[in-house]
Amino acid sequence: MISHNFENQNIVITGGTRGIGAGIATEFLKAGASVIATYAGNDEKAQAFKGSLGELGEKLALRKFDVADKEAVEAFWNAIGVEFGQVHVLVNNAGIRRDNILASLDEESWDRVMDTNLKGTYLMSQGAVLNMMKNRYGRIINMSSIGGILGLPGQANYAASKAGQIAIAKTLSKEVGKRGITVNCVLPGFIETELIADLPAEQVKEYKKDVPLKRFGTTEEVAHAVMFLASKEAGYMTGSTLEITGGL
C-alpha cells in the first residue's frame, strides 16, 4: 500500500474525473491532498464522480475547460493561483482517441487528438512551470502511453501525440531542473477503463495474449506509480519514463 503523504499539497489532474484520471485523483485524495480535476464536457459524470467519493469529495475541486484552448488554460492558472496559491503537482492526463488506419485517417481526427493530447500538455505545463518556479518546487507527470513507443495499428495520431509527451518531458526536465521541478512520464499499457471499452471482444482477447501477465492493469496500479513520481522521495528522477504495462 502506498504510504506517501500529500497533505497540504495541491494536485492538478487534467481529465481527472473519468478513467485513469479519476483513479489517480482518488488515490491522491486518500493520501490527504487537495485535488483540482479538470474535464472538458460531461458535467453529469464529473458531478457523479465527486459524489461517489463521499467525504473525500470535499477536497476535490472541479474545473471545466478545454486544455487545448490557450485563453481557457491561462484563465484557469490565474484563478488557481488566487484560490490555491502553490500547485505542487500537475498530472497531464487529458487524452482522447480517434482511431483509424493512416490511409483513411481524416485531418479532423488527427488535429483533435494532437490538440488535446499534445497541445494540452504544452499549455498546461507552461502554466504549471510559471506557478511552480515561484516556490522552486514542483512535479509534472505526463500520462503518455506504451503506444508512443510500440505503436499500435490504427493509432498513428494517438501514438504520435504520446511520443510527443515523452519528448516534451525530456526537454522540459532539462529546462526546469535547476528550479526544483521534475518532469517525468508514466506509460500505461492496457488499463481497464472506458477508453478501451469500445474495443471488440476478440481484439481484447488477443491483446491480453500479448501481455506477459495475461491481464489488463487497474487504475489503482497506475495511480500508485504516479504518486511515487509525484512524491518528494522521487526528487532525483526527472526526464524519465515509467512503464506500467504488465510486461509488454
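The values are calculated or read from the model by the stated rules, or taken from the named source; none is laboratory data. Everything numeric here is computed off the predicted structure, so don't read it as measured data. All Cβ positions, glycine included, derive from the backbone under ideal geometry; neighbour counts span all protein chains shown. Heads up: the accessible areas ignore ligands, DNA and RNA and are worked out on the full protein's heavy atoms, side chains in. Shrake-Rupley method; radii C 1.70, N 1.55, O 1.52, S 1.80 Å.
Considering only the range 97-143, state which residues are aliphatic (A, V, I, L, M) and either in contact with a His (Cβ under 7 Å, 6 or more places away or on another chain) or under 30 Å from K232 (Cα atoms) (or both).
Once the filter is applied, which keeps residues that are aliphatic (A, V, I, L, M) and either in contact with a His (Cβ under 7 Å, 6 or more places away or on another chain) or under 30 Å from K232 (Cα atoms) (or both), the range 97-143 yields L118, L123, M124, A128, V129, L130, M132, M133, I140, I141, M143.
Could you run through the range 60-99 and say how many residues are open to solvent by 40 Å² or more (accessible area, probe 1.4 Å) and among the polar types (S, T, N, Q)?
Final tally of qualifying residues: 2.
Does K119 satisfy the condition of being out of contact with any helix residue (DSSP H, G or I) (no Cβ under 7 Å at 6 or more places or on another chain) and either at pLDDT below 95 or within 22 Å of I196 (Cβ to Cβ) (or both)?
Answer is no for this residue.
How do the helices (runs of 4 or more DSSP H) wholly within the range 145-248 filter down when requiring 3 or more residues that are at pLDDT 90 or above, within 22 Å of N131 (Cα to Cα) and open to solvent by 50 Å² or more (accessible area, probe 1.4 Å): which remain?
Filter on the range 145-248 gives 156-176.
Looking at A103, is it hydrophobic (A, V, I, L, M, F, W, C) and open to solvent by 70 Å² or more (accessible area, probe 1.4 Å)?
So A103 passes the test.
Do we find that I140 is under 24 Å from V204 (Cβ atoms), touching a residue at least 12 places away in the same chain (Cβ under 8 Å) and either touching a Phe, Trp or Tyr at 6+ places or on another chain (Cβ under 6 Å) or among the aliphatic types (A, V, I, L, M) (or both) in this structure?
no
When S34 is evaluated against the numbered criteria (1) more than 26 Å from V113 (Cβ to Cβ); (2) exposed (fewer than 14 other Cβ atoms within 10 Å of the Cβ), which criterion, by number, is the only one it fails?
All conditions pass for S34, except number (2).
Against the condition over 13 Å from the mean Cα position of the chain (by Cα) and not charged (D, E, K, R), how does L102 come out, does it pass?
Yes; evaluated as a whole, the condition is true for this residue.
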